[in-house]
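*Asks:* What follows is a single structure, and I will ask about it in a moment.
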Amino acid sequence: AAMVQKYQSPVRVYKHPFELIMAAYERRFPTCPLIPMFVASDTVNEYKSEDEAIHVIERRCKLDIDAPRLLKKIAGVDYVYFVQKNSLNRRERTLHIEAYNETFSNRVIINEHCSYTVHPDNEDWTCFEQSASLDIKSFFGFESTVEKIAMKQYTSNIKKGKEIIEYYLKQLEEEGITFVPRWTPPVACKSESSTSHMRRPVSPAINIPESATKEGLNNKEILNTSSSPSEPTAGTPDDKLDADYIKRYLGDLTPMQESCLIRLRQWLQETHKGKIPKDEHILRFLRARDFNIDKAREILCQSLTWRKQHQVDYILDTWNPPQVLQDYYAGGWHHHDKDGRPLYVLRLGQMDTKGLVRALGEEALLRYVLSINEEGLRRCEENTKVFGRPISSWTCLVDLEGLNMRHLWRPGVKALLRIIEVVEANYPETLGRLLILRAPRVFPVLWTLVSPFIDDNTRKKFLIYAGNDYQGPGGLLDYIDKEIIPDFLGGECMCEVPEGGLVPKSLYRTAEELENEDIKLWTETIYQSASVFKGAPHEVLIQIVDASSVITWDFDVCKGDIVFNIFHSKRAPQPPKKDSLGAHSITSPGGNNVQLIDKVWQLGRDYSMVESPLICKEGESVQGSHVTRWPGFYILQWKFHNMPACATTNLPRVDDVLASLQVSSHKCKVMYYTEVIGSEDFRGSMTSLESSHSGFSQLSAATTSSSQSHSSSMISR
């Protein structure tokens with residue numbers, strides 16, 4: 001099986017002019033003592049332009065790969081040959097390097113591309129980038145061994161690349177060479193006033209403050225603090241990660257880990273127009289899946305859809321926790337631990353979980369926990385700036401003093417498990433350490449209920465102390481400074497965390513009241529929520545006056561599969577009748593459900609379809625637009641999607657039988673937002689919508705762009 005490995009480097013910045021870097025680079029040839037495996041190189045081809053601005057040189061390089069003897073014997077070679085073609089353009093100040101293997105080229109394909117270019121913000125600095133791919137077709141049954149060797153050799157060379165340039169820069173300096181003049185065009189005859197050829201004077205090195213240069217190539221990343229912290233700043237395609245920035249803000253990553261981060265980030269920029277999570281958050285998902293890029297991408301995309309559905313990006317700014325929570329939820333942020341991680345203190349034993357669930361319902365409790373996690377992300381970012389090193393997780397101290405059987409109340413445990421599950425899925429790798437203090441005798445029971453829901457990586461971070469063990473050696477003082485140990489644990493620090501206590505029964509709410517609250521939480525946003533049933537689609541009317549307007553839509557399928565249609569009709573549909581007999585009572589609970597298309601209307605006579613139907617699966621986000629051709633009435637319709645019956649046999653499939661048993665399977669839920677834009681306002685953004693389904697070509701069959709209507713719907717999974 002062919003395996004393709006890809007590598008993409010961050011940008012490495014040398015604070016030296018291009019010409020000096022070239023002088024250092026040239027010293028690597030014909031051989032380089034710092035790269036022992038680089039045994040020899042011969043020039044095969046060379047071309048110089050007359051004005052010497054262009055210099056192309058092709059070399060054949062001989063490498064002594066560090067591989068087991070046995071493998072070399074089987075392969076029948078001692079050396080591996082590569083062809084390297086360097087194209088230097090002194091006028092543009094660029095060097096492009098392309099390399100590929102000549103040995104075993106029918107079994108293994110290696111391609112590498114590197115470039116040295118001038119730093120976009122400072123013409124006296126040089127940027128280096130490289131990318132490569134390795135495709136092993138076959139290798140005498142040793143494909144995976146060869147892959148491992150190649151990857152190991154390659155990553156060690158990446159690390160060396162920078163050292164080598166710096167080594168030769170130092171050598172040049174020792175020889176007194178610290179400046180290499182830029183290329184200038186040869187002077188032509190005098191008459192041609194020399195101004196056209198005058199090389200503009202080299203501007204002196206601009207003194208960019210040290211702090212700014214560390215922040216990444218374009219200081220968008222950091223300097224964009226004006227937007228609220230919960231709004232990830234969207235990246236632009238030219239926005240690349242720089243090696244110094246990674247080290248300072250994200251941590252020490254291996255070359256392959258850097259490559260995974262850069263590739264996943266690039267993929268997000270191409271496919272998820274709009275909001276892209278911050279680099280440190282993308283990295284958390286990669287860490288949670290051991291840098292398996294496909295697995296990380298999957299959980300990250302699910303999390304992005306979830307964030308959008310629950311409007312999590314706005315939770316800190318827009319949601320005020322109910323008073324009951326502020327009074328009785330015994331948790332809060334409290335300084336930081338010895339590693340600079342934000343510290344969250346939870347006095348679980350003092351908390352009346354049953355009372356909170358009864359007074360608030362699960363939804364509000366979950367929402368509160370989410371706001372705590374969002375605040376945690378914000379504090380990590382803050383501490384990263386303050387402590388001058390990457391801090392990407394927080395420490396949680398849970399005091400179980402007072403834990404009793406009330407805490408094992410089933411609905412409370414169920415709420416806790418759901419909360420743990422949501423947090424595990426959407427805030428991976430955020431818990432640096434969990435200190436559980438004063439664990440009582442019932443604790444093991446609770447632990448056996450909870451631990452299966454907790455990720456192994458997370459579980460390794462738990463430290464559990466019974467009774468007063470936390471005061472002894474290996475206890476709290478190892479992790480938290482003495483000055484900030486809270487008073488209730490015998491420390492001297494006043495801790496602002498609420499005491500908790502029993503929630504008065506008078507605050508309890510009935511299940512119905514809570515049910516209505518939950519629906520309110522969903523619709524607090526600009527999105528409308530609708531239910532779709534078998535035989536009862538949801539329809540929205542849009543009246544168009546100006547023929548060439550643009551109808552835009554954005555919806556998430558929260559539950560079930562649906563078919564989305566858009567129709568046009570010259571006459572207005574009758575306003576939906578409220579059914580006094582309540583025959584439609586099935587549709588009343590749970591969001592709105594409106595039918596506008598009259599049962600007696602015929603498609604093609606009374607109304608027409610202006611877009612091909614789009615089938616949307618559960619969990620998908622769809623965005624699209626339709627340029628209207630006629631005035632009149634447009635109807636957007638979300639309809640229940642019937643699974644096609646199995647064609648080959650008439651026997652019911654197990655799935656179908658199960659589905660028909662679950663009444664809920666006949667109900668779908670959609671969150672939608674629509675807007676009409678005048679065509680003149682839309683021209684600019686038309687192209688951006690058209691291109692929205694880049695990267696989803698396999699789906700583009702589902703989205704027809706008929707030449708008449710210019711529609712595009714994008715589905716992001």
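*Asks:* Apply the a/c threshold of 1.5 to the C-alpha gyration tensor of segment 322-506 and tell me whether it is rounded, prolate or oblate.
*Replies:* Working: a/c = 1.41, a/b = 1.25, b/c = 1.12.
Rounded, since a/c falls under 1.5.
*Asks:* Could you give the accessible area per residue of segment 243-310, probe 1.4 Å, as a whole number in Å²? Mind showing how you got there, number by number?
*Replies:* On the way: 2640 Å² over 68 residues.
Heavy-atom accessible area per residue stands at 39 Å².
*Asks:* Quick one: accessible surface of His641, probe radius 1.4 Å, all protein chains present, in square angstrom to the nearest 10.
*Replies:* It works out to around 30 Å².
*Asks:* Along the Cα→Cβ direction, 7 angstrom out, place labels at Phe462 and Glu483. What is the inter-label distance in nm?
*Replies:* 3.3 nm
*Asks:* Another one. Can you tell me the order of 80-92, 471-483 when each peptide is scored by its average per-residue count of other Cβ atoms within 10 angstrom, highest first?
*Replies:* On the way: 80-92: 17.3, 471-483: 14.3.
Most protected by this proxy first, the peptides run 80-92, 471-483.
*Asks:* Right, here's the next one. Excluding Gly467 itself, calculate the net charge of residues whose Cβ lies under 15 Å from the Cβ of Gly467, where each Lys or Arg counts +1 and each Asp or Glu counts -1.
*Replies:* Working: positive: Arg438, Arg441; negative: Asp399, Glu401, Asp469.
Counting the neighbours of Gly467, the net charge comes to -1.
*Asks:* If you roll a 1.4 Å probe over segment 322-506 with all protein chains in place, what percent of the accessible area is carbon or sulfur? Working shown, then result.
*Replies:* Numbers: 4400 of 8310 Å².
Carbon and sulfur together cover 53 percent of it.
*Asks:* Here's another thing I want to ask about it. Which value, in Å² rounded to 10, gives the accessible area of Thr126 with a 1.4 Å probe and all protein chains present?
*Replies:* Number for this one is 0 Å².
*Asks:* Which number do you get for Rg(Cα) / (2.2 N^0.38 Å) in segment 5-175?
*Replies:* On the way: Rg = 17.0 Å, N = 171, 2.2 N^0.38 = 15.5 Å.
Relative to the rule-of-thumb radius for its length, segment 5-175 sits at 1.10.
*Asks:* Here's another thing I want to ask about it. Quick one: net charge of Ile74's neighbours, Cβ under 15 Å, K/R +1, D/E -1?
*Replies:* Details: positive: Arg69, Lys72, Lys73, Arg107; negative: Asp78, Glu143.
Net local charge, Ile74 excluded: +2.
*Asks:* If you consider only alpha-carbon coordinates, what radius of gyration and Dmax does segment 346-454 have, in Å?
*Replies:* Both quantities, over Cα of segment 346-454: 14.9, 45 Å.
*Asks:* I've got another one for you. I'm checking a number: the convex hull volume of the Cα atoms of segment 397-493, normalised per residue, in Å³. What is it? Don't skip to the answer; put the middle values down first.
*Replies:* Values: hull volume 10.7 nm³, N = 97.
Enclosed volume per residue, from the Cα hull, is 110 Å³.
*Asks:* Residue by residue through segment 333-338, what is 3J(HN,Hα) from phi via Karplus (6.51 cos²θ - 1.76 cosθ + 1.60, θ = phi - 60°)? Round to whole Hz and write x for glycine and proline.
*Replies:* Karplus values, whole Hz, x for Gly and Pro: 7, 8, 6, 8, 8, 5.
*Asks:* Could you sort Val413, Val44 by their accessible area in this structure, using a 1.4 Å probe and putting the largest first? Kindly include the intermediate steps, with their values, before the conclusion.
*Replies:* Numbers: Val413 5, Val44 85 Å².
Output order, biggest surface exposure first: Val44, Val413.
*Asks:* Taking the Cβ of Gly376 as the centre, find all other residues whose Cβ is under 11 Å away and add up their charges (Lys, Arg: +1; Asp, Glu: -1). Walk me through the intermediate numbers first.
*Replies:* Details: positive: Arg341, Arg378, Arg379; negative: Glu374, Glu375, Glu381, Glu382.
With Lys, Arg at +1 and Asp, Glu at -1, the neighbours total -1.
*Asks:* Also, quick follow-up: Determine the alpha carbon to alpha carbon distance for each of Lys338/Lys461; Lys354/Lys669; Lys570/Lys617; Lys570/Lys639 and list only those over 24 Å. Walk me through the intermediate numbers first.
*Replies:* Details: Lys338/Lys461 15 Å; Lys354/Lys669 30 Å; Lys570/Lys617 31 Å; Lys570/Lys639 22 Å.
The answer is Lys354/Lys669; Lys570/Lys617.
*Asks:* Percentage of Cα-Cα pair distances in segment 243-310 greater than 17 Å, rounded to whole percent? Before the final figure, lay out the partial values.
*Replies:* Numbers: 846 of 2278 pairs.
Tail fraction, whole percent: 37.
*Asks:* Could you tell me the accessible area of Glu675 in Å² (1.4 Å probe, neighbours in place), rounded to the nearest ten?
*Replies:* 80 Å²
*Asks:* Kindly sort Trp638, Trp409 by accessible area of their heavy atoms, largest first, with the probe set to 1.4 Å. The partial results should precede the final answer.
*Replies:* Details: Trp638 0, Trp409 55 Å².
Result of the area sort, largest leading: Trp409, Trp638.
*Asks:* Would you list Phe567, Phe387 from the most to the least accessible area, probe 1.4 Å? Kindly include the intermediate steps, with their values, before the conclusion.
*Replies:* On the way: Phe567 10, Phe387 70 Å².
Per-residue accessible area, sorted high to low, gives Phe387, Phe567.
*Asks:* Then there's this: Between segment 281-331 and segment 354-403, how far is it from one alpha carbon centroid to the other, in angstrom?
*Replies:* Here the two parts' Cα centres lie 11 Å apart.
*Asks:* Provide the per-residue ³J(HN,Hα) series for segment 124-129, in order, calculated from phi with Karplus coefficients 6.51, -1.76, 1.60 and θ = phi - 60°, each as a whole number of Hz, with x at glycine and proline positions.
*Replies:* 9, 10, 10, 10, 10, 9
The values are calculated or read from the model by the stated rules, or taken from the named source; none is laboratory data. Here the structure is a predicted model, which is why all the values come from computation and not from measurement. For neighbour counting, all protein chains shown are included, and Cβ atoms are generated from backbone atoms with ideal geometry for every residue, glycine included. Side chains included, ligands, DNA and RNA excluded: accessible areas come from the protein's heavy atoms. Shrake-Rupley method; radii C 1.70, N 1.55, O 1.52, S 1.80 Å.
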